[in-house]
Number of protein chains: 2
Amino acid sequence: MTSEDKKFNSIPQIPSFIYLCKWLVICLLIGALAGSASAALLYSLHWATDYREAHKWIIALLPIGGFIVGLVYHYYGSSVVKGNNQLLEEFHSPEHIIPFRMAPLVLFGTVMTHLFGGSAGREGSAVQMGGAIADQFTKWFKLNKDDRKIIIIIGVSAGFASVFGTPLAGAVFALEVMVLGRMRYDALLASVLGAVVADYVCKLWPIHHTHYGVDLVPDITPLTFLYAIIAGILFGLGGMFFSKATHFFTTLFKTKVKYPPLRPVIGGVVIALAVYAIGTTKYIGLGVPTIVDAFNMPLNWYDFALKLLFTSFTLGAGYKGGEVTPLFYIGATLGNALVWFLPLPTELLAGMGFVAVFAAATNTPIACTLMAIELFGAKGAVYFGIACVVAYMFSGHSGIYSSQIVGSPKH
Amino acid sequence: MTSEDKKFNSIPQIPSFIYLCKWLVICLLIGALAGSASAALLYSLHWATDYREAHKWIIALLPIGGFIVGLVYHYYGSSVVKGNNQLLEEFHSPEHIIPFRMAPLVLFGTVMTHLFGGSAGREGSAVQMGGAIADQFTKWFKLNKDDRKIIIIIGVSAGFASVFGTPLAGAVFALEVMVLGRMRYDALLASVLGAVVADYVCKLWPIHHTHYGVDLVPDITPLTFLYAIIAGILFGLGGMFFSKATHFFTTLFKTKVKYPPLRPVIGGVVIALAVYAIGTTKYIGLGVPTIVDAFNMPLNWYDFALKLLFTSFTLGAGYKGGEVTPLFYIGATLGNALVWFLPLPTELLAGMGFVAVFAAATNTPIACTLMAIELFGAKGAVYFGIACVVAYMFSGHSGIYSSQIVGSPKH
């Protein structure tokens, strides 16, 4: 402690400067690679989605696509099958460097899921590619245990920031997600630098991020304050039901189907039949068009429930992707439905739901508030903040990441 | 633990709902009172500043004004003289309810400081009024130790949010400031609710907050990224010099002048003579006009240094107020000066400095990033984030609040 104190009290800027230079170099490397990986993911998903929507018969092949993904993961991917939770576990109790194969495998699995019509997201893939790329530097640069934790955070931050085009949200997400109810400040600088670099590099590629706008924002009054709190409670319940449904289907498939590659086959049959029965593809894939609609026009009140079901079932069956874009979908459509009894503008409720259901399911209220500001602008900042924090409070103590440690209870 | 777990696993929303209702009621009460107290402060400071600028001879009486403040604090205010640090200390090791007299005394002391021409801020006063008002509820509602910590956070959050009109920044500031390098999530909900209510109530009174705008924001490129980092380093050094200067003058006055009421007398003579010698009042008071100018026109490169000297000397001599508005001034004028060798728009550099020097001196990078977004809009969010985080990293481990505990080193 004394030598530490001395170091701080003499000229603390010298170690700070060395620290900055070291992490700046690492962040430039990881950011450039993770940002490019996210661009490849976005580009591939764009292609897969377009192809599927133009050739809807391909959805009938979902069980086969699922079988391939299942086989590949079963025989080549058992060391990386835990996905996001693996990153969290390595952060908490470091054992093995994340195998690089996590990156190509999750990219392949995600594109297959979306091409054949599973319902999933993409942030899981971006985060896993970022994490797997970043962790290779641990090996190459022979970094110690503490540095490795920062490396994993940079990977998560860079992947998240670049896939959504939201650098500040990505930086804070990586710090918030590791431990429920605590934020890691020792990695703050590296997380921000990695996020900004990755976002910049990703945008150099010919991809585009969807733009949303929330401009119609009423002044805060006692009534709108109350509405925002009520909406936050419902978004929190939505996030909790999503977590519970995903865990439920995952456990169901694991206990009922012993041979892992068969799980997506059975799941794929059910999903393909369900899509055929209801006659629409709006509940599969990323669902970006429906998310955009949720800001502008009235939708079915039950859209959020069907998307919740489709996604938790898809992921439970072992398909790859992520949860976040479906959470955006669930939140935005739930917000859209709330307009029937909460007199707030549709676009505001959709925007609040977009981020708050996600905040509830991942326990990252501050990252989600920042994300709302980065995506929708600062006008509704207070509404977004209330919705995210209240939703966080009402989603219980278990989110979608089962390896998230509870650092501080919510109350 | 087991009974806790059970509670969480059954229906966690029931305790969450009770918790929400309880804190909503408390936040409505504290928020309304703290918001009104901030309005009274803003109104009084407006009056005091106008009167001083119209009757500049009053600055000659600064030593007498200081003597009165010194006497009042010496004989009636010894239990509340530690100010913001007292709130932090009670948070960390609760001993005595904050005496209510902290609120009227700091209001009186701050108005006197500004009326007679000391250089100080106002957030200290708002935060101390908020904290003192809030802590009375500990007594009235017979709250336990954990609840009291939340009460103190609400007081700080409500005071800060309402005096600057920035609810999200206020909410996060109160959570960030208590422990360096850690954010308290268990008080998140209460902090946000208290901040929003206080800000709303404050704006019901006939006061106004200064508006700033940062619209000219270049895209992030490798060069602008580097400029933002360099600016952040300089803002961090600015924040550190301010902390060190304040501690230096405080210690100097304490060791050289044994009778406390004499300290502001001697300090007042020096300040009044200095104002007379340099022939301008732009370095005393809040300095809001100069802050506004810093966004729009070239200023003297040394403005930040003189303001730093005037404010640390004023506060070291025992005058009341706060540090934050002078930190805004120092940051905005330093940013304005940087335009000579960092090719970024003046308004962007001024805005980055405005929040980053403050982030560096108080160790609250996320609150300051949110503050920038609330005050200047979301366009420059990434620049503000980089500046605040880098400045935080470069300000060393001691800020202006000597009672702030180091929870996690910066690197």
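The values are calculated or read from the model by the stated rules, or taken from the named source; none is laboratory data. Since we're looking at a predicted model, the values are computed, not measured. Methodologically, a virtual Cβ is constructed for each residue, glycine included, from the backbone with ideal geometry; neighbour enumeration extends over all protein chains shown. Ligands, DNA and RNA are excluded from the accessible area calculation, which covers all protein heavy atoms including side chains. Shrake-Rupley method; radii C 1.70, N 1.55, O 1.52, S 1.80 Å.
Taking residues in segment A:376-395 that are more than 7 Å from chain B (Cβ to nearest Cβ), and partners anywhere that are acidic (Asp, Glu) and surrounded by fewer than 24 Cβ atoms within 10 Å (Cβ to Cβ), the pairs with Cβ atoms closer than 7 Å and at least 6 places apart or on different chains are A:LYS379/A:ASP215.
Would it be correct to say that A:GLU53 is acidic (Asp, Glu) and modelled with pLDDT under 85? When the stated conditions are applied, A:GLU53 does not pass them. When B:MET371 is tested against (1) over 16 Å from B:VAL172 (Cβ atoms); (2) in contact with a Gly (Cβ under 9 Å, 6 or more places away or on another chain); (3) among the hydrophobic types (A, V, I, L, M, F, W, C), only condition (1) is not met. For the residues A:TYR43, A:TYR76, the requirement of being surrounded by fewer than 16 Cβ atoms within 10 Å (Cβ to Cβ) and under 20 Å from A:THR166 (Cβ atoms) singles out A:TYR43. Restricting attention to segment A:270-291, the residues that are assigned to a helix (DSSP H, G or I) and either open to solvent by 30 Å² or more (accessible area, probe 1.4 Å) or touching a residue at least 60 places away in the same chain (Cβ under 8 Å) (or both) add up to 12. Applying the criterion of being among the charged types (D, E, K, R) and in a helix (DSSP H, G or I) to the residues of segment A:292-345, the residue that is nearest to A:THR250 (Cα to Cα) is A:LYS307.
Scanning segment B:119-133 for residues being in a helix (DSSP H, G or I), over 13 Å from the mean Cα position of the chain (by Cα) and at pLDDT below 85 gives a total of 0. Of all residue pairs spaced 6 or more apart or on separate chains, those with beta-carbon atoms under 6 Å, a first member in segment A:134-147 that is at pLDDT 85 or above and a second member that is among the basic types (Lys, Arg) are A:THR138/A:ARG148. Residues in segment A:320-343 that are open to solvent by 10 Å² or more (accessible area, probe 1.4 Å) and more than 23 Å from A:THR364 (Cβ to Cβ): A:ALA337, A:VAL339, A:TRP340, A:PHE341, A:PRO343.
The residue that is nearest to B:LEU349 (Cα to Cα), counting only those in segment B:239-269 that are open to solvent by less than 10 Å² (accessible area, probe 1.4 Å) and in a helix (DSSP H, G or I), is B:GLY239.
Within segment B:51-65, identify whether any single residue is under 26 Å from B:ILE154 (Cβ atoms) and out of contact with any Asp or Glu (no Cβ under 8 Å at 6 or more places or on another chain), and answer yes or no. Within segment B:51-65, none of the residues are under 26 Å from B:ILE154 (Cβ atoms) and out of contact with any Asp or Glu (no Cβ under 8 Å at 6 or more places or on another chain).
Taking the criterion of being aliphatic (A, V, I, L, M), within 30 Å of B:ALA272 (Cβ to Cβ) and open to solvent by 10 Å² or more (accessible area, probe 1.4 Å), the only residue of segment B:115-157 that qualifies is B:LEU115.
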